[in-house]
Structure formats: C-alpha cells, structure tokens
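Read through the structure below, which is laid out as structure tokens, and then see the notes.
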Amino acid sequence: MTVVRMDNVAVVVDDLEAAVAFFTDLGLEPEGRARIEGPWADRTVGLDGLRSDIVLMRTPDGHSRLELTKYHTPAAVGAGSPPPPPNTLGLHRVMFTVDDIDATIARLRTHGAELLGEVARYENAYRLCYLRGPAGIIVALAEQIG
C-alpha cells in the first residue's frame, strides 16, 4: 500500500485568530473550523480530556492544507525559550512559494514575523528566506526568479 496524498500539516498555536490572520495575509484561505473533543479525539491523540479548536487553511492551488490548532485542555506545552533554531531535530519548517517575497515579508511583519537571516539568492532560480511565524514556527518563503 502507498500513500494516497499528504492531507495536512498541523501547527499548535496559542492565539488561533492571530495565526489565521498571519496565514491569510500569506495567501492561504480558511477552509473550515471545528471544535475537536470527545472520546474519539482522546483516543486518537493520546490525551485525556482533549478540547481544541482548529482552523484548516488551504493554499490557493487547493492541493495543500495547514491545520492551525489551539489546545484548551490539556493546555499546550511550550517549546521553550528561546524558540528552537532551524537545525533542531523534528519538524523543521513549512515552506511556501510566493509571487513577491519582499511584499510578503512586509505583510507578515505586521503580524510580528521576523527574518532569521536575510533574503538570499539560490543560483538564478530562487530568492529564499526563513522567518519566525506564529508560536515560533519557522516559515520559509521562496520566489522563483529564473
């Protein structure tokens, strides 16, 4: 048996509305909201008394989704301070292709996003950058130039 598709990537956030605003300004579209709770959720996730709210964000091409999750109970556990660097084991980052990297960075800065380095050129193909987004996650941006 093989994978049919990748359905979504989930990101746990502390401020769901701020995260929705951030990813909406990036260009994703809210696809649906749901309250997740009950015995099935407890068994699936492995947490007793689970209650969370999610918003599913869809990329404009309709092929990819990002699930933003706000845990109410049990409370979310912080990843630590400062946020982990890009070479930390585990989920590394989420990358999006954008049509104008400079304009995208400017929009996301209004939501508190900060560049980890700078916008760099990869050969004559891409302009790339990493920035810190909601809940400290790393969001990578790529603009095709060649």
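The values are calculated or read from the model by the stated rules, or taken from the named source; none is laboratory data. Only a predicted model underlies this, so the values are computations on that prediction, with no experimental measurement involved. All accessible areas refer to the heavy atoms of the entire protein, side chains included, with ligands and DNA or RNA removed. Shrake-Rupley method; radii C 1.70, N 1.55, O 1.52, S 1.80 Å.
One table, with the values for the structure above:
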{"read-out": "Per-bin percent of Cα-Cα distances, the stretch 33-86 [10 Å]", "value": "21, 37, 33, 9"}
{"read-out": "Sulfur and carbon atoms: percent of accessible area, the chain [1.4 Å]", "value": "54 percent"}
{"read-out": "Tilt relative to the chain, helix 16-26 - C-alpha long axis, 0 to 90 degrees, to 10", "value": "30 degrees"}
{"read-out": "Of Ile54, Ile36, Ile105, the one that fluctuates the most in a GNM where the chain has Cα springs shorter than 10 Å", "value": "Ile36"}
{"read-out": "Hull volume in cubic angstrom per residue (convex hull over the Cα atoms of the stretch 60-146)", "value": "136 Å³"}
{"read-out": "Debye equation applied to the C-alpha atoms of the chain, log10 I(q)/I(0) at 0.10, 0.13, 0.15, 0.17 Å⁻¹", "value": "-0.39, -0.64, -0.84, -1.05"}
{"read-out": "Residues of the chain: accessible area per residue with a 1.4 Å probe, Å²", "value": "62 Å²"}
